[in-house]
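Step one of this worksheet: look at the structure below.
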């Protein structure tokens, strides 16, 4: 699907680089408790791909298969043209050019932060580019803690050193297994800006495991939804978020992500106009300059529908849209309605009674009223 | 306190025996401990039990069977004879073999515990940082499990120094070859030479006390082992 950040779409469409992964893995911890991973994926060879799913959905197992830390009964893996695993061969983990950031801080306790970085540098196959060390250290903001031992660092600091260490191995792909999950909310907010910068600063495809839709909406370009070891959905971030046949995966958090650009700032009312391929939205001024690309999230529960464009409403944002799909919600009384706005989508969550009352049907043109918009970044 | 020439010879022999045994045990015990710490095999229980047998067996039982096996008619004896090495009983190397088996659990168990406490994660992390298996052992396992290795070495050494029954069964009482301190003390007592017996015995008490003191000090210092940092 085309998005307004054209650059992203173009990169993904034309890049010959891609990651192909097929794995079958069966595991039985107890005879009654068996788990089977069975996936066949083609992922973009750049940008951030999120593996999203509930705990037990197999997302970490899939990541570990890619790293060679799990031994699938059948495996095929090719990363941007390099074969890591096939029917005839399987590279052990230490021969795979990857970086891996574990969920909990995984620094070696007998080495200082600097020693941990040196551990990686000593084992890279490529020579270290002159400025890479300084760049990584300053991007992750760890200049002042390099001489400390892991036990002296906070959880957030440890994770930043661990990410720096993974970058210094000069990986062909960076795998991150819920790097924020072990941190409290404040620490998460501390690390997120560091993570956001990575794709722009380092030209490395990132595969990011998460069970948090907030994190995924903020960081990812591409998204794979896993459920019970199978792929339930995959595609660009905006596309997967706009699907309404996955309410059980998203629940209350069902809603779309839109990528737009600040095109106008209204100083008097403290509002910014965000422009999308398919229209404009006015949102609270976030302080971002005109021309700044932004991501927003519009939850289905914040979108209502009117049949006519009336001015006697407090809602600022009204957009003409076409109903393309109606699907049941987890809540018996509610339905989800997918609305097409140009090339973008919105989702509205309405009561069944309203749908009957307004006689809404697929193909109908309606006014989508957006009550609230969350700035993702 | 003064030592006779025979006492000094016994002390030197004991030192040589304990050092050799410790060295062999670290080389041999480490892979066994590694396997026991990480395997899920059905064989784990049986192998761990065999390694631990000397903890409960009377030393005479172990000594008796080793004597049979390493003697001229035994399987090992025939093998060593075919290599032109003669037989092992009543030689220094016979004592080394017997002591290695007898002190095995004291070396394997601390190393096994240390590797188990380490867990799999540091090794996985090292593998994602391009460290191969040997590299992982020397750069991660050895430094992080160091207290376990030191405990193993000290216990293996001290336990060999304190051996008596197995030595008597396998080594007999040959001065300079198999007469270690514990046997020398036994000789002094048999000869009613209590003064000499006291001298050596007090030395052994002091040695044992210092070893244990050092060991407990080490364990207290390592009270915060690795992997507990989060």
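Considering A:360, A:336, the condition of being modelled with pLDDT of 90 or more, crowded, with 18+ Cβ neighbours inside 10 Å and within 22 Å of residue A:251 (Cβ to Cβ) is satisfied by A:336 alone.
Show me the helices (runs of 4 or more DSSP H) entirely contained within the stretch A:91-206 in which 2 or more residues are more than 11 Å from every other protein chain (Cβ to nearest Cβ) and closer than 27 Å to residue B:143 by Cβ.
Numbers: elements: A:113-123, A:132-139, A:155-168, A:185-201.
Answer list for the stretch A:91-206: A:113-123, A:132-139, A:155-168.
Scanning the stretch A:217-272 for residues that are part of a helix (DSSP H, G or I) and either under 15 Å from residue A:43 (Cα atoms) or within 13 Å of the chain's Cα centre (by Cα) (or both) gives A:217, A:218, A:219, A:237, A:238, A:239, A:240, A:241. Here residue A:42 fits the description: closer than 20 Å to residue A:231 by Cα, at pLDDT 90 or above and surrounded by fewer than 22 Cβ atoms within 10 Å (Cβ to Cβ). Restricting attention to the stretch B:168-185, the residues that are in a helix (DSSP H, G or I) and surrounded by fewer than 17 Cβ atoms within 10 Å (Cβ to Cβ) add up to 0.
Which residues, taken from the stretch B:116-134, are surrounded by fewer than 16 Cβ atoms within 10 Å (Cβ to Cβ), in a helix (DSSP H, G or I) and within 13 Å of chain A (Cβ to nearest Cβ)? Answer for the stretch B:116-134, where residues must be surrounded by fewer than 16 Cβ atoms within 10 Å (Cβ to Cβ), in a helix (DSSP H, G or I) and within 13 Å of chain A (Cβ to nearest Cβ): B:121, B:133, B:134. In the stretch A:272-281, is there at least one residue being free of Cβ contacts under 8 Å to residues at least 24 places away in the same chain, touching a strand residue (DSSP E or B) at 6+ places or on another chain (Cβ under 9 Å), surrounded by fewer than 18 Cβ atoms within 10 Å (Cβ to Cβ) and farther than 30 Å from residue A:333 by Cα? Checked the stretch A:272-281: at least one residue is free of Cβ contacts under 8 Å to residues at least 24 places away in the same chain, touching a strand residue (DSSP E or B) at 6+ places or on another chain (Cβ under 9 Å), surrounded by fewer than 18 Cβ atoms within 10 Å (Cβ to Cβ) and farther than 30 Å from residue A:333 by Cα. Only one entry in B:45, B:63, B:29, B:84 is touching a helix residue (DSSP H, G or I) at 6+ places or on another chain (Cβ under 9 Å) and either modelled with pLDDT of 95 or more or loosely packed, with under 13 Cβ neighbours inside 10 Å (or both), namely B:29. Looking across B:137, B:106, B:157, B:149, one residue alone is farther than 30 Å from residue A:97 by Cα and within 14 Å of chain A (Cβ to nearest Cβ). It is B:149.
Surrounded by 15 or more Cβ atoms within 10 Å (Cβ to Cβ), out of contact with any helix residue (DSSP H, G or I) (no Cβ under 7 Å at 6 or more places or on another chain) and part of a helix (DSSP H, G or I) - does that describe any residue in the stretch B:107-115? Yes, the stretch B:107-115 contains at least one residue that is surrounded by 15 or more Cβ atoms within 10 Å (Cβ to Cβ), out of contact with any helix residue (DSSP H, G or I) (no Cβ under 7 Å at 6 or more places or on another chain) and part of a helix (DSSP H, G or I).
Look through B:115, B:140, B:111 and report the one residue that is farther than 23 Å from residue B:14 by Cα and free of Cβ contacts under 8 Å to residues at least 24 places away in the same chain. Give the steps one after another, and end with the answer.
Working: B:115 fails: free of Cβ contacts under 8 Å to residues at least 24 places away in the same chain; B:111 fails: free of Cβ contacts under 8 Å to residues at least 24 places away in the same chain.
Of the residues listed, the single one that is farther than 23 Å from residue B:14 by Cα and free of Cβ contacts under 8 Å to residues at least 24 places away in the same chain is B:140.
Of all positions in the stretch A:305-316, at least one carries a residue that is in the same structural domain as residue A:371 (by TED's automatic domain parsing) and either part of a strand (DSSP E or B) or within 30 Å of residue A:28 (Cβ to Cβ) (or both).
The values are calculated or read from the model by the stated rules, or taken from the named source; none is laboratory data. Please read all numbers here as calculations on a predicted model, not as lab measurements. Here the Cβ is made from the backbone with ideal geometry for all residues, glycine too, and neighbour counts use every protein chain on show.
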